[in-house]
Amino acid sequence: MSRATPAIASTDWAMIERRALLIGAAGCVVCGASAIFSWQHFLRAYLVAWNFWAGISLGAMALLMIQYLTGGAWGLLLRRFLEAAAGNIPGGGGSRGMPARGVLLYGRHRGVY
């Protein structure tokens, strides 16, 4: 008895990239529209999102530092993922943290919060 093995379906990465680009462009349009209609709400939402992703990056960096200090084998599989996540710390240097600092300064001068 011979059975034909099914062919492995290849992933169409070009289609996935186009869909991701369209979703990202739609997100930018929605952000732009929300900034036009309610600037203060847009700034508040921006700060919440910025703090969320900064928390994930800083938490990854904390776990990475603990793993480096203890030197155990428990973090060998996580090390590369934690290093990649810690490399995205907003405001780590240069102009990467400037958008959030600008939002904070704008809100303080305008009495937003």
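The values are calculated or read from the model by the stated rules, or taken from the named source; none is laboratory data. Quick caveat: nothing in here was measured; it's all calculated off a predicted structure. Ideal geometry is used to build each Cβ from the backbone, glycine not excepted, and the neighbour counts take in all protein chains shown.
At-a-glance table
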item: Close pairs (7 angstrom Cβ cut-off, 6 or more residues apart or separate chains): free of Cβ contacts under 8 Å to residues at least 12 places away in the same chain in the stretch 18-47, in a helix (DSSP H, G or I) and of a type in the set (S, T, N, Q) anywhere; result: His41/Ser34; Phe42/Ser34
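For every residue, the table says whether it meets (1) surrounded by 12 or more Cβ atoms within 10 Å (Cβ to Cβ); (2) at pLDDT below 85.
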| site | (1), (2) |
| --- | --- |
| Trp39 | yes, no |
| Arg44 | yes, no |
| Gly55 | no, no |
| Gly59 | yes, no |
| Ile66 | yes, no |
| Leu69 | no, no |
| Gly72 | no, yes |
| Gly75 | yes, yes |
